[in-house]
Amino acid sequence: MSTNALFQLDQNESYALIDWKGENLVQSNYEELENVVRLLFKKEYTNMILNISKVTELDGYGVSAIRKGTKICSNESGLFVVVSKEESVVERLDQAKIENLTILNTVREGVDAIYLNDLENDFGDGEGEEENEFGGESSDYGDDY
């Protein structure tokens, strides 16, 4: 676990939790979020939870940082989860129409969503192999079978 003036970072084998300590995610501090997301990606984290439950002010720079985190994770079949119950923050993120953004109420829900996403990815990977192994819809048996 590492601590910064703006956030606390917890990492395990499945995901990283960025616990944002400030009440705002704006032009003056959004680069800190972008930097930690890039650092985690370099460490091969594709699942991240950003807990911004204390944030009451989110501007376009903060939205942009969240958009970048979401894109980085989703490009690798991972999940970038934003945790907030603050109505104005959730509305701002909804208005931004960020593709593949997951907004949940609690960190626990975020952890569950990541595990579910990992299971879906694992199941999806195995499904394609079985189809190829058993011939799928096309068959070499001819019309009699």
### Task
Scan the range 47-59 and give yes if some residue there is crowded, with 19+ Cβ neighbours inside 10 Å, under 24 Å from Asp112 (Cα atoms) and polar (S, T, N, Q), otherwise no.
yes
### Cβ-Cβ under 6 Å pairs, at least 6 apart or on other chains, the range 71-83 side free of Cβ contacts under 8 Å to residues at least 60 places away in the same chain, far side part of a helix (DSSP H, G or I) and of a type in the set (Gly, Ala, Ser)
Phe80/Gly69; Val81/Gly110; Val81/Ala113; Val83/Gly110
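This table checks each residue for (1) surrounded by 19 or more Cβ atoms within 10 Å (Cβ to Cβ); (2) within 15 Å of the chain's Cα centre (by Cα); (3) in a helix (DSSP H, G or I).
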residue: Ser74; (1), (2), (3): no, yes, yes
residue: Ser77; (1), (2), (3): no, yes, no
residue: Phe80; (1), (2), (3): yes, yes, no
residue: Lys85; (1), (2), (3): no, no, no
residue: Asp94; (1), (2), (3): no, no, yes
residue: Glu99; (1), (2), (3): no, yes, no
residue: Gly110; (1), (2), (3): yes, yes, yes
residue: Ile114; (1), (2), (3): yes, yes, yes
residue: Asn121; (1), (2), (3): no, yes, yes
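The numbers here are math on the coordinates, done by the rules we state, and not lab data. Since the structure is predicted, the reported quantities are computational estimates derived from the model, not experimental observations. Neighbour counts are summed over all protein chains in view; Cβ atoms, including those assigned to glycine, are modelled from backbone coordinates with ideal geometry.
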